[in-house]
1. Could you please find all residues in region 1-53 being surrounded by 13 or more Cβ atoms within 10 Å (Cβ to Cβ) and at pLDDT below 65?
2. Criterion first (at pLDDT 95 or above, outside any helix (DSSP H, G or I), hydroxyl-bearing (Ser, Thr, Tyr) and surrounded by fewer than 21 Cβ atoms within 10 Å (Cβ to Cβ)) does Ser207 satisfy it?
3. Hey, can you tell me all the residues within region 173-194 that are open to solvent by less than 10 Å² (accessible area, probe 1.4 Å) and within 18 Å of the chain's Cα centre (by Cα)?
4. Is it the case that Ala250 is among the hydrophobic types (A, V, I, L, M, F, W, C), touching a His at 6+ places or on another chain (Cβ under 6 Å), on the phi < 0 side of the Ramachandran plot and surrounded by 21 or more Cβ atoms within 10 Å (Cβ to Cβ)?
5. Taking the stated definitions as given, is Gly225 under 28 Å from the mean Cα position of the chain (by Cα), under 28 Å from Thr83 (Cβ atoms) and buried (at least 19 other Cβ atoms within 10 Å of the Cβ)?
6. More than 14 Å from Val301 (Cβ to Cβ), modelled with pLDDT of 90 or more and either surrounded by 14 or more Cβ atoms within 10 Å (Cβ to Cβ) or in contact with an Asp or Glu (Cβ under 6 Å, 6 or more places away or on another chain) (or both), is that true of Thr95?
7. Within the set of pairs 6 or more residues apart or between chains, which connect a residue that is on the phi < 0 side of the Ramachandran plot inside region 87-103 to a residue that is assigned to a strand (DSSP E or B) and surrounded by fewer than 13 Cβ atoms within 10 Å (Cβ to Cβ) with Cβ atoms less than 8 Å apart?
8. Across region 253-302, which residue is surrounded by the fewest Cβ atoms within 10 Å (Cβ to Cβ) among those that are acidic (Asp, Glu) and part of a helix (DSSP H, G or I)?
Amino acid sequence: MTGRATMAAVAKAAGVSISTVSRVLADKPDISEETRGRVTRAAKETGYVARKGRQQPQDGILDVLIEGITTPWAGELISGVQTTAFSLGYRLALTTTGHPRFSIRDWIAVRRTRPTDGVILVLSPARHDEIAALAGLSAPLVLLDPVGTSEPTIPTVGATNWSGGAAATRHLLELGHRRIGFIGGPAEIQCTRERHEGYLAAHREFSVAPEPALTRYGDFLLTGGVAHGAALLDLPDRPTAVFAGSDGQAAGVYQMARARGLRVPEDLSVVGFDDTTICTMLAPPLTTVRQPLAEMAAEGVRLIAQERARPGSSQGRRIELATSLVVRDSTAPPAAVEGTPPVGT
């Protein structure tokens, strides 16, 4: 064979992980002689030649910074990161940023004492200067949506939030709803803005003027759905449908509807966003916009590996994966127009 063989081919031939191959080729000390010999022989037999300037993993570790790990949304992202990272020979170091005493600058200081092969940042309130400090670790950095900021030089993985917001709202408009509440995440977060813009675009498509009082901004959590769902449902002229910016917020709207004697979907239609496991646990099962969370996380890991192999190749790259509407039993025509055909454009 020629020197075009990959590190993965060497790992397969030697029966070890890519990370182990990397450590042997980098002459790391904590490798048994038997393993070192197998990898060396496999590299020779496959014709593997490290490319000039190639950055080898420093310690086989990927760092993940995420605000919390208790939601289904977070669970799916972490699962996607873990599956792909392990397949590439990496281990994970998971840090939650939601604790009030967490300091990203302290975290960076600690990481300077322990090498990292890359950092995946998820839903962090990091400011531009903090992201710049993270980039100063000399390790690849990837942002996963939803994030509160964006940097033109940092690779980002997200979903088609605008299309998802438009699809959710269009579905409700087609059923005949005209007073549709919107509960987003924090207003400053990009994915919230994009979903709201999709919500507004669908209204324009149907020549329906959205009422500003029906738009609220929450926290993507159950608490946001409870607080803002209650506020919307207590309006003198309440909405007949609510599009929530997450499945957790949609669950909060369910609770507030039940507390007021309203039935879903007979009295109130509800649409969520994400398509997490909570959707089929709710009664009735939740109509939602599927955001490919595990696939987004996997793409983030692949970008890290790509950047390590070819420095600069992923700089500023933006990957958007498609969302799709999943219709279940939480949406129906409003009672006033029950039995009428869907409204067209």
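The values are calculated or read from the model by the stated rules, or taken from the named source; none is laboratory data. This structure is a prediction, so every number in the text was calculated from the model and none was measured. All Cβ positions, even for glycine, are placed from backbone atoms using ideal geometry, and neighbour counts span all protein chains on display. In case anyone asks, the SASA skips ligands and DNA or RNA and just uses the protein heavy atoms, side chains included. Shrake-Rupley method; radii C 1.70, N 1.55, O 1.52, S 1.80 Å.
1. Lys28, Ala50
2. When the stated conditions are applied, Ser207 passes them.
3. Gly184, Gly185, Cys191, Thr192
4. On the way: among the hydrophobic types (A, V, I, L, M, F, W, C): yes; touching a His at 6+ places or on another chain (Cβ under 6 Å): no; on the phi < 0 side of the Ramachandran plot: yes; surrounded by 21 or more Cβ atoms within 10 Å (Cβ to Cβ): yes.
In short, no.
5. Judged against the criteria, Gly225 is not a match.
6. Against the criterion (more than 14 Å from Val301 (Cβ to Cβ), modelled with pLDDT of 90 or more and either surrounded by 14 or more Cβ atoms within 10 Å (Cβ to Cβ) or in contact with an Asp or Glu (Cβ under 6 Å, 6 or more places away or on another chain) (or both)), Thr95 qualifies.
7. none
8. Here the residue is Glu295.
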